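Quick notes on the structure that follows.
The values are calculated or read from the model by the stated rules, or taken from the named source; none is laboratory data. These figures come from a predicted structure and were not determined experimentally. Note that each Cβ is placed from the backbone with ideal geometry, even for glycine, and that neighbours are counted across all protein chains shown. Heavy atoms of the whole protein, side chains included, go into the accessibility calculation; ligands, DNA and RNA do not. Shrake-Rupley method; radii C 1.70, N 1.55, O 1.52, S 1.80 Å.
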Amino acid sequence: PYSVKIINNYAQILLRSGKREDAAEADRILGVSIKLAGERYPSAVFNRGLALSTLGNKTGAVRLFVQALSEYAIDDHSGANVHGYLAQELMEIHYEDKLHAGDNALDYSGTYRSDSPGYLAIVEWHALRALHRGCKMPLVLFTLANVYQETRRHDLAVGAYTRALRMNQNPYLEKGYSLSETDARNMFALAYQARLGDCKRRRRAAVGRG
């Protein structure tokens, strides 16, 4: 229905502000929109996931992003963005777990366990899927680079951070798609330093074998 589209478009405008009160209102009206539609409505489900993300409800956001991907027919461009935001949300859950429980004692008990075998592989898969489907958000490359950094693939991390910073220079990026340049450059520096450490260890190992 036409009214459903109006609600969804208005919710998108609210979400662009990044404010919690606007996200709460977007969540409320999108719930109404989905009920009014009476059928599958992937963009509203996706946008409601974005609202929950802004409100800090990460498990709720993940659930809605997964729903949009697995149960709803969605076009390639929109699907690419869903994969990208899902990867970011899962990565943030991983970081929060590390902060609260420590690297060796992650105890997240929500929809996903970020200490489970293959968790970061899931994050990586969604980020790569987003890029494969044409996602143009620097955030996705940044998330992918973070996965590489966490899994000690420093060469790949440096390359992905470099691409993310380059993509971030695009003057036509939509609002909310750009990265914090400071954060990205800081992570790039850490990955570069770690890569240098890898090179030194390999050289020492080679000398030892010789």
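Some observations on this one:
- Matching option when the condition is modelled with pLDDT under 95, under 30 Å from Ile13 (Cα atoms) and out of contact with any Lys or Arg (no Cβ under 6 Å at 6 or more places or on another chain), among Glu150, Glu181: Glu181
- Of all the criteria given as (1) among the small types (Gly, Ala, Ser); (2) open to solvent by 40 Å² or more (accessible area, probe 1.4 Å); (3) within 21 Å of Ala87 (Cβ to Cβ), the one not satisfied by Gly60 is (2).
- Considered as a group, the residues in region 1-31 that are over 24 Å from Tyr177 (Cβ atoms) and at pLDDT below 90 include one that is most open to solvent (accessible area, probe 1.4 Å), and that residue is Tyr2.
- Every residue from region 133-156 that is in contact (Cβ under 8 Å) with a residue 12 or more places away in the chain and basic (Lys, Arg): Arg133, Lys136, Arg152
- Test: residue in region 160-171 that is closer than 21 Å to Leu99 by Cα, open to solvent by 20 Å² or more (accessible area, probe 1.4 Å), modelled with pLDDT under 95 and part of a loop (DSSP other than H, G, I, E, B): no
- Candidates Leu128, Leu179, Leu144 - the one that is within 15 Å of the chain's Cα centre (by Cα) and open to solvent by 30 Å² or more (accessible area, probe 1.4 Å): Leu128
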